[in-house]
Amino acid sequence: MMAESAAGSKRIIHGGDLDAARADFPGAPEPWVDLSTGINPWPYPLPAIPADSWTRLPGRSAETALREAAAACYGVPSPDHVAAAGGSQALIQLLPRLRPPGTVAVLGPTYAEHAAGWAKAGHRVTEVMTLESCGGADVMVVVNPNNPDGRIVPPETLLALADRQAARGGWLVVDEAFAEVAPDCSVAAEAGRAGLVILRSFGKFFGLAGMRLGFLLGEPALLEASRAAMGPWAVSGPALAVATAALSDSAWIAATRQRLADAAARLDAGLAGAGVRVAGGTSLFRLIDDPQAAGLYNELGRAGVLVRRFDYRRNWLRLGLPVDKAAENRVKTACGMFKKR
């Protein structure tokens, strides 16, 4: 799509694309407040990284230590049910190549890369609005909690569905990219169950998306196939060192869950005070449902605030968490000015 003038933008900007935002809103104040992704703005403090992590190929013991830390953190029965990759996005693109072409149902609306990845690999993909509408698909994909509305499917429902999929040789793929802030919804403790395939993202909760690290949880045979497809050294040495420390830091994890919940509550209060309704989300992002969403997006853009909008729901905007009081005030002021017009 073509961009409008500096008065606003019609195009959909992917999360984190500040270059495109600056082009659409050249008069916006700097620095930008980027709320277009659901990434923790208070990242895990980087530990000391061994010098040889940069100079040597990653060793097997370091990769084993990471899988052990991930299994303990996520409640997975065994490290044998964990495989690490260079980001959950890489796994989203890999999984469709590990099955012959078939039918795939994606519970939507949700993260568009799931449907795109399966379709690109030759599968017939349908987006469904309810689990009951899956129509016996070979593979079902559920993002839980969902992006962008925060919808949660109860674990018992997912496990029953996984059992039905397994009985027919199918998969249930559960993307738990945001489950770190909603651990009660996770089915990671059932990793290894037939038919159940789970994705976890490291960078979002730990605020280190640039590390590009994700995990596949499932049956050992599937994990072996995924490792063979990825090849050796799928995760860098520095990423192995940082993530092993972070996943083992239970005190930081607990404190951060509370910090994110408090920040989400403050954002909700600020938006409500400005006349904007929060319709859902998680404690890493909030969803606005407003018939004037396009105008609000442009008002925020002119104020140097980038949020996420969607081509499939024009009345939706998704906001990540402001990092400080100044960013909170910029969001609240822009929303308030728009709603007063």
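The values are calculated or read from the model by the stated rules, or taken from the named source; none is laboratory data. Bear in mind that the values here come from a model prediction, so they are computed numbers and not experimental data. Here Cβ is always computed from backbone atoms with ideal geometry, including for glycine, and neighbour counts include all displayed protein chains. Each accessible area value is taken on the protein alone, full model and side chains, heavy atoms only, with ligands, DNA and RNA left out. Shrake-Rupley method; radii C 1.70, N 1.55, O 1.52, S 1.80 Å.
Beyond 21 Å, what share of the Cα-Cα pairs of the stretch 1-84 is found? Please give it as a whole percent. Across the stretch 1-84, Cα pairs with separations above 21 Å total 59 percent.
Taking 0.36 nm per residue of sequence separation and removing the Cα-Cα distance, the Ala254/Asn329 pair yields an extension gain of 24.3 nm.
This model, with +1 at the C-beta of Lys and Arg and -1 at the C-beta of Asp and Glu, gives the stretch 253-341 a dipole about its Cα centre of some 120 debye. Placing +1 on the Cβ of every Lys and Arg and -1 on the Cβ of every Asp and Glu, with nothing else charged, gives the stretch 167-322 a dipole about its Cα centre of roughly 380 debye. Taking every alpha-carbon pair under 8 Å whose residues sit at least 6 apart, the chain reaches a relative contact order of 25 percent. Residue-normalised convex hull volume from the C-alpha trace of the stretch 193-303: 180 Å³ per residue. Note on the stretch 72-177: Kirkwood hydrodynamic radius from all Cα pairs is 14.3 Å, rounded to one decimal.
Only Cα pairs under 8 Å and 6+ residues apart enter the sum, and on that basis the relative contact order of the stretch 190-341 stands at 16 percent. Apolar share of the accessible surface for the stretch 265-313: 49 percent from carbon plus sulfur atoms, 1.4 Å probe. Taking 7 Å steps out from each Cα toward its Cβ at Asp311 and Lys339 produces label points 3.1 nm apart.
Net charge dipole, the chain: roughly 760 debye, given to the nearest 20, about the Cα centre with Cβ charges of +1 for Lys and Arg and -1 for Asp and Glu.
Label separation (Arg56 vs Ala265): 4.7 nm, computed from points 7 Å beyond Cα along the C-beta direction.
Counting only DSSP beta bridges with both residues in the chain, the antiparallel share comes to about 50 percent. Helix content alone sets the calculated 222 nm mean residue ellipticity of the chain: runs of n ≥ 4 DSSP H residues at -39500 (n - 2.57) each, divided across all residues, give -11500 deg cm²/dmol.
Helix 250-273 and the longest principal axis of the Cα set of the chain meet at an angle near 30°.
Size check on the chain: the Cα extents along the three principal axes, sorted descending, read 59, 52, 35 Å. Projected onto planes of every orientation and averaged, the convex hull of the alpha-carbon atoms in the stretch 265-321 covers 3.7 nm². Compared with the direct C-alpha span, the chain from Leu46 to Ala160 gains 37.1 nm at full extension, assuming 0.36 nm per residue. Annotation: lysines with alpha-carbon distance below 25 angstrom to Lys340 (same-chain offsets under eight excluded): Lys10, Lys325, Lys332. Ranking Ala23, Ala65, Leu247 by Cα position along the charge dipole of the chain, where only Lys, Arg, Asp and Glu carry charges on their C-beta atoms, puts Ala23 farthest toward the positive end. Label positions at Ile12 and Ala72, each projected 7 Å from the Cα along the C-beta direction, are separated by 4.2 nm. The residue list Gly281, Ser186, Pro232 was ranked by how far each Cα lies along the charge dipole of the stretch 149-301 toward its positive end, using unit charges on Cβ atoms, and Pro232 comes out on top.
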